[in-house]
Amino acid sequence: MGLLDAPLRSAAQTALRTFGTMVRLRRLVTAPFDATTDTVLATPIDRSVKALVTQARAHEARGPIQMGDYRVLFAAADVSETVDESWLLVLSDGQELEIVEVLSYIATDQAALVELYARGKRAG
């Protein structure tokens, strides 16, 4: 761990906890296939974080990111797991969104901030 990791992670965490909006990051954990019911159950595991939530503007649209996608910035220290595109974002109104891109901002050795982009889930 670099000399600046702890102070920068702490500063990001404090600022976002103070000014952020509560959102949930949801990871679906699948159970083994049940041959008697012919189903696979997915159990959601949620992590609540305070985050800055905005919408992507035209100049941010690139690769998988589209104008109007939700842009979410949260402190990396608030989530012990690595968030990726297999997770879902759940807004305070309960709306589930697909995560389309995850970016980490690293101080020296460890991520201080995580930025992700998400949009409404596809039908089907």
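The table that follows gives values for the structure above.
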| quantity | calculated |
| --- | --- |
| Selection from L89, A61, L73 lying farthest towards where the dipole of segment 51-91 points positive, charges on Cβ | A61 |
| Magnitude of the charge dipole, segment 60-113, Cβ model with Lys/Arg +1 and Asp/Glu -1, debye to 20 | 200 debye |
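Read-outs: derived from the displayed coordinates by stated rules, not from any lab. Quantities reported herein were computed from a predicted structural model and do not represent experimental measurements. Positions of Cβ are generated from backbone atoms using ideal geometry, with glycine treated the same way; all protein chains shown enter the neighbour counts.
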